[in-house]
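Some notes on the structure that comes next.
The values are calculated or read from the model by the stated rules, or taken from the named source; none is laboratory data. Because the structure is a prediction, the values reported are computed rather than measured. With ideal geometry, Cβ positions are generated from the backbone for all residues, glycine too; neighbour counts draw on all protein chains shown. Surface areas here come from the heavy atoms of the whole protein model, side chains and all, with no ligands, DNA or RNA. Shrake-Rupley method; radii C 1.70, N 1.55, O 1.52, S 1.80 Å.
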Amino acid sequence: MPHRPAPVLPNRGARAARLLAATAVLGGILLATAAPASAAAPERSVPRAAARAEAPATVTVTGSGSATAAPDLAILSVGVEVTKPTAKEAMAAQSTAAEALLAVLRKEGVEDRDIRTDSLSLNPVYTQTTGGESKVTGYQASQTFSVKVRDIDRAGQVIGAINGATGDAGRVNGVVFDVADPKELRAKAREAAYKDAYDKASQHARLSGHRLGRLVSLSEGDSLRPGHGALPSMPADEPSVPLAPGEIEEQVTVSAVFELI
């Protein structure tokens, strides 16, 4: 039988060397692919930090302004009030007095669009007896009106005419002077309020070593128009009531935010 040569087995050391070489190559590839991702991570955080560092400082101020004008409108709160033994009698007497009031208003040149009923009421009148009990002794009926007098020089005359027409049932609860169209007055007050806010912001910028930058935000609060007046009821024989309209003042406040540069 012929002799077969024994198979040549690879050297164990050479095989181990080839395995180590392949592992090194694979590791290098993995490191090469991972490097860009790890290198890019710091770049994403840099712009955010820079944005935070570059955010400008701001100053928030509140400005107030006012404007005045002569009133051209008088708003009267007038009405009638009667007390009678029964509810039916009270309402009938109230209706008669209210009709007299409305008639004299129209006679004085007040238009229907300027007359509005504000309230109408009927309430029992109680009297305490000697025994300590409350007893209904009558009923009180009343009605109030809001009346606009557009010629304020005649407002006192209108009040006197109301008292003359309604007698003891007439009531004059108060008077308010105003302007029929407040837009122009409010615009002047708003302009003064913004100037006040701008001047304050400019001073803050100067004191802090900055210059005043752009306006970031601006908001306006509710406007205020003080100047209400009240009058007591006048006697029926009073032909006119002296009034002092004075001036109407409009007040506006604004809140503004400016950049400091």
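Here are some notes:
- With the convex hull of its Cα atoms as the shape, region 152-206 has an orientation-averaged projected area of 6.0 nm².
- Probe 1.4 Å, accessible area per residue of region 116-166, Å²: 56 Å²
- One decimal place: the segment Q157-S64 gains 29.7 nm when fully extended, by the rule 0.36 nm per residue minus the C-alpha distance.
- Note on region 86-171: Rg/Rh from C-alpha atoms, Kirkwood Rh, equals 1.12.
- Potential extension, T117-V257 segment - 0.36 nm per residue separation minus Cα distance: 45.8 nm
- Ligands, DNA and RNA aside, H210 has an accessible area near 80 Å² when probed at 1.4 Å.
- With eigenvalues of the C-alpha gyration tensor scaled by 5 and rooted, region 64-219, Å: 51, 23, 11
- Extension reserve of the S223-E247 stretch, reckoned as 0.36 nm per residue once the Cα distance is removed: 7.0 nm
- Computed E for T96/N173 - FRET, C-beta separation, R0 25 angstrom, nearest 0.05: 0.80
- Centroid-to-centroid separation of region 77-147 and region 196-220 [C-alpha atoms, Å]: 57 Å
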